[in-house]
Amino acid sequence: MISPLGMWSTEPEISEFKRKKAMRLVILGGPGAGKGTQAQWLCLYLRVPLIPTGDLLRKAIASTTDSPSQSDTLTVLGHQARQYVEKGELVPDTLMIEFMRQRLVQPDVSEGWLLEGFPRTAFQAEELDFQLEDLEQRLDWAIYLQVPESVLRERSLGRSRFDDQPDIIQHRIALFQERTLPILEYYSHRQRLLTINGNQSPEQVQQEILQKLKG
Ligand code: AMP
């Protein structure tokens, strides 16, 4: 199979992973760390569905303007999350945890998944573990893409998302440091943290993730 980034991988390698068991992963990193790119590749590679909370929230917000009077779950979430996402604030834990509680019981994610952008606070990380315990599941690895702050800023400025304006980016980086970095300690303590040098080419990041996943 050819990955989206044009490298890797052979069928035997994939089945080696798949034979072991369903993978349950989270990918962590600041804004612009490369989470989206790596998550997409990894999902194709491992054949697990991607649950990208930031993308899902942006879609939910878009649906509030496309069809403002609709009351489906996505549109309701969009109305509740809009004020936070637009300012680069974190959506309240209660809202995100409830959203994940509903998402993780869907049949398409019973055989593994990759969460991108969740958890983002220590509280979310703990709640995720509680939810998984109820489902008799377990997180395999938290993959942390480590990238210097100056690079995060530079990369985010190069994008054209509505929440990628300079002052909002700075705020999101600060929130990442305050609220998300403590999660690393949580996972490291539980021997579930894989730290990857995210300040290299996407292909090199891929290789490092794969090497470390294989152990
Ligand atoms: P991202 O695309 O992951 O950078 O997320 C974009 C925005 O969505 C963030 O700045 C937050 O406002 C919101 N968001 C995404 N995931 C979460 C989460 N797990 N907890 C709280 N807010 C989130």
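Assorted remarks:
- When you filter the chymotrypsin sites (Phe, Trp or Tyr not before Pro) in segment 119-215 for DSSP loop state and at most 16 other Cβ atoms inside 10 Å of their Cβ, you are left with 162.
- Likely footprinting exposure, 28, 42, fewest C-beta neighbours within 10 Å first: 42, 28
- Mean shadow area of segment 157-215 over all directions, Cα convex hull, nm²: 5.3
- Placing a label point 7 Å from the Cα of residue 162 along the Cα-to-Cβ direction, the residues of segment 72-114 with a backbone N closer than 17 Å are 74-91.
- Å³ per residue enclosed by the Cα convex hull of the chain: 127
- Mean separation of Cα contacts under 8 Å, 6 or more apart, over the residue count of segment 131-215: relative contact order %: 40
- Computed FRET value (nearest 0.05) for residue 65 with residue 108, which takes r as the C-beta separation and R₀ as 30 Å: 0.65
- J(HN,Hα) series, segment 153-162, from Karplus relation 6.51 cos²θ - 1.76 cosθ + 1.60, nearest Hz, glycine and proline x: 5, 4, 5, 5, 5, x, 9, 10, 7, 5
- Computed [θ] at 222 nm, deg cm²/dmol, the chain (DSSP H ≥ 4; -39,500 (n - 2.57); rounded to nearest 500): -16500 deg cm²/dmol
- Phi-based couplings in Hz for segment 122-135 (Karplus 6.51, -1.76, 1.60; Gly and Pro marked x): 4, 5, 4, 5, 5, 4, 4, 4, 5, 4, 5, 4, 4, 8
- Computed on the chain, with alpha-carbon pairs under 8 angstrom and 6+ residues apart, the relative contact order is 29 percent.
- By the beta-carbon count within 10 Å of each Cβ, the least crowded to most crowded order of 155, 47, fewest first, is 47, 155.
- Förster radius 30 Å - calculated FRET efficiency between residue 135 and residue 177, Cβ distance, rounded to 0.05: 0.45
Every number here is computed from the coordinates shown, using simple stated rules; none is lab data. Bear in mind that the values here come from a model prediction, so they are computed numbers and not experimental data. Ideal geometry is used to build each Cβ from the backbone, glycine not excepted, and the neighbour counts take in all protein chains shown.
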